[in-house]
Amino acid sequence: MKKKLHLIYFILFVLISFNCSRKILLPTSAEVNYISGKEGTVTVRAIGIGNNEGEAITNAIYNAFDVLLFRGLPESEQKVALIGTNENEERNKQKTYFDQFYSGRYKSFVMSSIPSSNLINYTGGKKGIAVDIKINLVALRKDLEQNNIIRAFGF
């Protein structure tokens, strides 16, 4: 009888420990959704995560560019990836360009970035936010062509 009681206590202890150690998982996908687009621009809603609101907004903008450059955005003018779907290969081939791009050059293609949700607090101090981002696709495509990342259409 004592052995059964000890076994029951042990199982309860394990179950309680397991439940107490669970954490809210952080979103790991680049959640980017098409909102609208016209005349060479696209507006998307992207989710970003960071240690504070500023980092989360910047992460959302990075996610929006990653989707446009390497995945494409269904329902938009940019249905296919601007560069290609092999992201790691493309980033390695053009390392200098992407280092400069994500160090601040991307800002020249952002027409607006407006938070569209309240800041969400995750376990571990991380914060998430949804941001509506308007991107100048014409200027971005021209920049990629001028830097020989992509070829101009018709050539």
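The values are calculated or read from the model by the stated rules, or taken from the named source; none is laboratory data. What you see is a predicted model, and the numbers here were worked out from it, not measured in a lab. We place every Cβ from the backbone using ideal geometry, glycine too, and count neighbours over all the protein chains shown.
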If a residue must be surrounded by fewer than 17 Cβ atoms within 10 Å (Cβ to Cβ), more than 21 Å from E87 (Cβ to Cβ) and either charged (D, E, K, R) or in contact with a strand residue (DSSP E or B) (Cβ under 9 Å, 6 or more places away or on another chain) (or both), how many such residues does region 51-70 contain? 4
Within region 98-137, restricting attention to residues that are among the aliphatic types (A, V, I, L, M), at pLDDT 95 or above and surrounded by fewer than 17 Cβ atoms within 10 Å (Cβ to Cβ), which residue is nearest to I49 (Cα to Cα)? I114
Restricting attention to region 116-136, the residues that are over 14 Å from I35 (Cβ atoms) and part of a strand (DSSP E or B) number exactly 6
Being of a type in the set (D, E, K, R), at pLDDT below 95, under 22 Å from G40 (Cα atoms) and within 15 Å of the chain's Cα centre (by Cα) narrows it down to one of R151, R71, so name that one. R71
Residue under question is N147, and the condition is that it be without any contact (Cβ under 8 Å) to a residue 60 or more places away in the chain and either surrounded by fewer than 12 Cβ atoms within 10 Å (Cβ to Cβ) or closer than 15 Å to Y34 by Cα (or both); does it hold? no
Are there any pairs with C-beta distances below 6 angstrom linking a residue in region 102-113 that is free of Cβ contacts under 8 Å to residues at least 24 places away in the same chain and within 15 Å of L69 (Cβ to Cβ) to a residue that is outside any strand (DSSP E or B) and of a type in the set (D, E), with the two at least 6 apart or on different chains, and if so which? none
What residue, of A30, A46, is modelled with pLDDT of 95 or more, among the aliphatic types (A, V, I, L, M) and within 15 Å of the chain's Cα centre (by Cα)? A46
